[in-house]
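Report on the structure given below.
The values are calculated or read from the model by the stated rules, or taken from the named source; none is laboratory data. For clarity, every value in this text was computed on a predicted model and none was experimentally measured. Cβ coordinates were reconstructed from backbone atoms using ideal geometry, including for glycine residues, and neighbour counts include every protein chain displayed. Areas reflect the complete protein model, heavy atoms only, side chains present, ligands, DNA and RNA absent. Shrake-Rupley method; radii C 1.70, N 1.55, O 1.52, S 1.80 Å.
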Amino acid sequence: MSRMGNAGILFWSFLHNERGATAVEYGLIAAGIAVAIIATVAALGTDLNTTFSSVSTGLN
């Protein structure tokens, strides 16, 4: 085959390769979950600290 033919085959195989796209999708899902966890902890952090301090004081 000619060099141009090999380049065309490589180009089309690159376009049809979905492994990289799947990895990016999983990365975006993991990032979204991390943002949700951080937002929840930031929102509830002060309340939880107050609750645990009250429990600790009550146990002493």
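Some observations on this one:
- Solvent-accessible area, 1.4 Å probe, carbon plus sulfur percent, for the chain: 70 percent
- Paramagnetic reach from LEU48 in the range 22-36 [backbone N under 20 Å; point 7 Å along Cα→Cβ]: 30-36
- [x] 30, 10, 7; [y] 56, 8, 6; [z] 21, 13, 11, with the label sought being that of the calculated semi-axes √(5λ) of the Cα gyration tensor in Å: [y]
- Accessible surface computed residue by residue for the range 16-60, with neighbouring protein chains in place and a 1.4 Å probe, gives 87 Å² per residue.
- To the nearest ten degrees, helix 3-16 and the longest principal axis of the Cα atoms of the chain are 30 degrees apart.
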